[in-house]
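A.B. asks: I'd like to ask you about the structure that follows.
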Amino acid sequence: MNDILPDEAVLWERFEDLIRSWLASYGYRNLRTPLLEHTALFRRAIGEATDIVEKEMYSFVDELNGEHLTLRPEGTAAAVRAVVQHSMLYNGPQRLWYMGPMFRHERPQKGRYRQFHQVGVEALGFAGPDIDAELLLMCARLWDDLGLQHIRLQLNSLGSSEERAKHREALVAYLKSRESELDEDSRRRLHTNPLRVLDSKNPAMQTLIAEAPKLLDYLGAESMAHFEGVQRVLKDAGIEYEINPRLVRGLDYYNLTVFEWVTDRLGAQGTVCAGGRYDGLIAEIGGKPAPAAGFAMGIERLLALLCESGENAADWLQPTPQDVYIVHQGEQAGRLAFTVAEALRSLGFTVTQHCGGGSFKSQMKKADGSGAHIAVVIGDDEAAAHEVSVKPLREERGQWRVSVEQLPEAITDLLYGEQGE
């Protein structure tokens, strides 16, 4: 787990602001769930035989009441639990989003930490391929807004549970016929979650996986029509994609459309956003059966990619300068400085007020180093006259005095291109 220090937090804040604006433009509303949930929720929703449940969850027993609790390893199960608990689908389909920390006990590496952050989007109550396509169009727009390149879309369909069962039977028979070629992890998965064998990254397994039965060959007419409906919208929008028949996702709750946005710019951690359709999850958690689809993206990975190859990466890392830095010396000047600072903030200006004393020279040096556009200088002489001195810091101009009442107008003129008096 790592700290996000102020210089880096500038990047996070700008990213979060853009995310909120982007989601609002598609009509998605914010949902905030607790960091802790009952362990049974994730075991039921994610699947007992997944890596997350078997190896990665931070789970414990609450000593006060004996409850089995887990720090959320992902956001979909918690979001669906909240929707079911509060009967949110009673009033119709819901477009929801969340953003915050998740927790998995993994080996830390570039773009992957044990506390990491996700943006998640869930569209609940929509049955057709149109919502799947909307989720993909949303992602494409975000990459464009961020100035990101080198992100590719991989697409697959997992079909229905019945179609997956037929494929699973064929896959198990195939894998057993070549069991001697499986690595230790795949042998274990063969008996617990054979679809996950197809997701192996072991180079020695790739030929075997490429020759395995493909789920797409087992899809019926209805599933294929749904999949083709998604692709039709992508083609109309000019979004390139590749069908990856080995894409199965690591969570048990997916069906029909699944997708990943991947990059080769982050080493092993190539997936920056992933999701799909999970029509059975709402009923699995105890709600009335309803369709659902969504995705999640890792903020750390996206920001790493932004810094690595974003078109405007340097601009994202620049802190937003304050409008005003207030320099003051003397008791009366110090008292007036507080009044002036609060009055300017009330009008919407950003203001840093010098604290800690020091000479005018040392304070002006700090004002210049702060990046602020304007220094407001107050000495006891100015305070006695209820005036201040205004000094532009980013252009070659002298300073001049104005009354406290005239100060907002003088600052506005300087900030927005008019000539100061």
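The values are calculated or read from the model by the stated rules, or taken from the named source; none is laboratory data. Just so you know, these numbers come straight off a predicted model, no measurement behind them. Because the Cβ atoms are built from the backbone with ideal geometry, glycine has one as well, and the counts that use them run over all protein chains shown.
A.B. asks: Please give the number of the condition GLY120 fails out of (1) touching a strand residue (DSSP E or B) at 6+ places or on another chain (Cβ under 6 Å); (2) under 17 Å from VAL230 (Cα atoms).
C.D. replies: (2)
A.B. asks: Can you name the condition, by its number, that LEU414 falls short on among (1) out of contact with any Phe, Trp or Tyr (no Cβ under 8 Å at 6 or more places or on another chain); (2) modelled with pLDDT of 95 or more; (3) among the hydrophobic types (A, V, I, L, M, F, W, C)?
C.D. replies: Answer for LEU414: the failing condition is (2).
A.B. asks: State which residue is nearest to LEU195 (Cα to Cα) when the search covers only region 157-175 and only residues that are surrounded by 13 or more Cβ atoms within 10 Å (Cβ to Cβ) and without any contact (Cβ under 8 Å) to a residue 40 or more places away in the chain. Spell out how you get there, then give the answer.
C.D. replies: Going through region 157-175, the residues surrounded by 13 or more Cβ atoms within 10 Å (Cβ to Cβ) turn out to be 157-160, 163-164, 166-172, 174-175.
In the following step, the residues that additionally are without any contact (Cβ under 8 Å) to a residue 40 or more places away in the chain were identified as 168-169, 172, 174-175.
Working: ARG168: 7, GLU169: 10, VAL172: 9, TYR174: 12, LEU175: 11 Å.
For region 157-175, the residue satisfying everything is ARG168.
A.B. asks: Could you list, in sequence order, the residues of region 10-42 that are of a type in the set (D, E, K, R), in contact with a strand residue (DSSP E or B) (Cβ under 9 Å, 6 or more places away or on another chain) and surrounded by 16 or more Cβ atoms within 10 Å (Cβ to Cβ)?
C.D. replies: We begin by selecting, within region 10-42, every residue of a type in the set (D, E, K, R); these are 13-14, 16-17, 20, 29, 32, 37.
In the following step, the residues that additionally are in contact with a strand residue (DSSP E or B) (Cβ under 9 Å, 6 or more places away or on another chain) were identified as 16, 20, 29, 32, 37.
Within region 10-42, GLU37 is the sole residue that qualifies.
A.B. asks: Name every residue in region 311-342 that is aliphatic (A, V, I, L, M) and closer than 14 Å to GLU387 by Cα, in order of residue number.
C.D. replies: ILE326, VAL327, ALA333, LEU336, ALA337, VAL340, ALA341
A.B. asks: Another one. Against the definition (closer than 28 Å to ASP7 by Cα, charged (D, E, K, R), within 34 Å of the chain's Cα centre (by Cα) and at pLDDT 95 or above), how does ASP323 come out, yes or no?
C.D. replies: Values: closer than 28 Å to ASP7 by Cα: yes; charged (D, E, K, R): yes; within 34 Å of the chain's Cα centre (by Cα): yes; at pLDDT 95 or above: yes.
Yes.
A.B. asks: Might you check whether a residue that is over 21 Å from ILE52 (Cβ atoms) and assigned to a strand (DSSP E or B) occurs anywhere in region 260-282?
C.D. replies: no
A.B. asks: A follow-up question, please. With respect to PHE60, is the statement that it is more than 26 Å from PRO93 (Cα to Cα) and free of Cβ contacts under 8 Å to residues at least 12 places away in the same chain true?
C.D. replies: It is true that PHE60 is more than 26 Å from PRO93 (Cα to Cα) and free of Cβ contacts under 8 Å to residues at least 12 places away in the same chain.
A.B. asks: Could I ask something else about it? Suppose the filter is of a type in the set (A, V, I, L, M, F, W, C), assigned by TED's automatic domain parsing to the domain that holds PRO289 and assigned to a strand (DSSP E or B); does LEU234 pass it? Lay out the reasoning, then the answer.
C.D. replies: Numbers: of a type in the set (A, V, I, L, M, F, W, C): yes; assigned by TED's automatic domain parsing to the domain that holds PRO289: yes; assigned to a strand (DSSP E or B): no.
When the stated conditions are applied, LEU234 does not pass them.
A.B. asks: A further question follows. For region 364-409, which positions are part of a helix (DSSP H, G or I) and crowded, with 20+ Cβ neighbours inside 10 Å?
C.D. replies: Hits for region 364-409 are ALA367, GLU382, ALA383, LEU407.
A.B. asks: Continuing with the same structure: Does any residue of region 114-123 turn out to be within 25 Å of the chain's Cα centre (by Cα), assigned to a strand (DSSP E or B) and among the acidic types (Asp, Glu)?
C.D. replies: yes
A.B. asks: Please find, within region 213-249, the residue that is nearest to the chain's Cα centre (by Cα) out of those that are under 25 Å from ARG187 (Cβ atoms) and surrounded by 19 or more Cβ atoms within 10 Å (Cβ to Cβ).
C.D. replies: Applying the filter and picking the extreme gives ARG249.
A.B. asks: Residues ALA140, ALA77: which one is over 19 Å from VAL272 (Cβ atoms) and assigned to a helix (DSSP H, G or I)?
C.D. replies: One residue alone meets the criteria, ALA77.
A.B. asks: Considering (1) in contact (Cβ under 8 Å) with a residue 12 or more places away in the chain; (2) over 25 Å from LEU18 (Cα atoms); (3) not in a helix (DSSP H, G or I), say which one PHE338 fails and leave the rest.
C.D. replies: For PHE338, the failing item is (3).
A.B. asks: Quick check on this structure: which one of VAL376, VAL340 is modelled with pLDDT of 95 or more, within 18 Å of GLU395 (Cα to Cα) and over 37 Å from the mean Cα position of the chain (by Cα)?
C.D. replies: VAL376
A.B. asks: Considering only region 285-336, how many residues are closer than 30 Å to ALA123 by Cα and among the basic types (Lys, Arg)?
C.D. replies: 2
A.B. asks: Right, something else. So for region 33-40 (the condition being of a type in the set (Asp, Glu), part of a helix (DSSP H, G or I) and either in contact (Cβ under 8 Å) with a residue 12 or more places away in the chain or closer than 19 Å to MET102 by Cα (or both)), does at least one residue qualify? Write out each step before concluding.
C.D. replies: Initial filter on region 33-40 (of a type in the set (Asp, Glu)): 37.
Then keep just the ones that are part of a helix (DSSP H, G or I); that gives none.
Checking region 33-40: not a single residue is of a type in the set (Asp, Glu), part of a helix (DSSP H, G or I) and either in contact (Cβ under 8 Å) with a residue 12 or more places away in the chain or closer than 19 Å to MET102 by Cα (or both).
Residue by residue, here is whether (1) closer than 19 Å to GLU342 by Cβ; (2) assigned by TED's automatic domain parsing to the domain that holds THR350; (3) touching a residue at least 60 places away in the same chain (Cβ under 8 Å) holds:
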position	(1), (2), (3)
LYS366	no, yes, no
GLY371	no, yes, no
ILE374	yes, yes, no
GLU382	yes, yes, no
ARG394	no, yes, no
TRP400	no, yes, no
VAL404	yes, yes, yes
ILE411	yes, yes, yes
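Residue by residue, here is whether (1) under 29 Å from LEU18 (Cβ atoms); (2) modelled with pLDDT of 95 or more; (3) of a type in the set (Asp, Glu) holds:
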residue: ALA49; (1), (2), (3): no, no, no
residue: ILE52; (1), (2), (3): yes, no, no
residue: GLY66; (1), (2), (3): no, no, no
residue: GLU74; (1), (2), (3): yes, no, yes
residue: ARG81; (1), (2), (3): yes, yes, no
residue: ARG95; (1), (2), (3): yes, yes, no
residue: PRO101; (1), (2), (3): yes, yes, no
residue: GLU106; (1), (2), (3): yes, no, yes
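A.B. asks: Any chance region 298-317 includes a residue that's surrounded by 18 or more Cβ atoms within 10 Å (Cβ to Cβ), at pLDDT below 95 and in a strand (DSSP E or B)?
C.D. replies: yes
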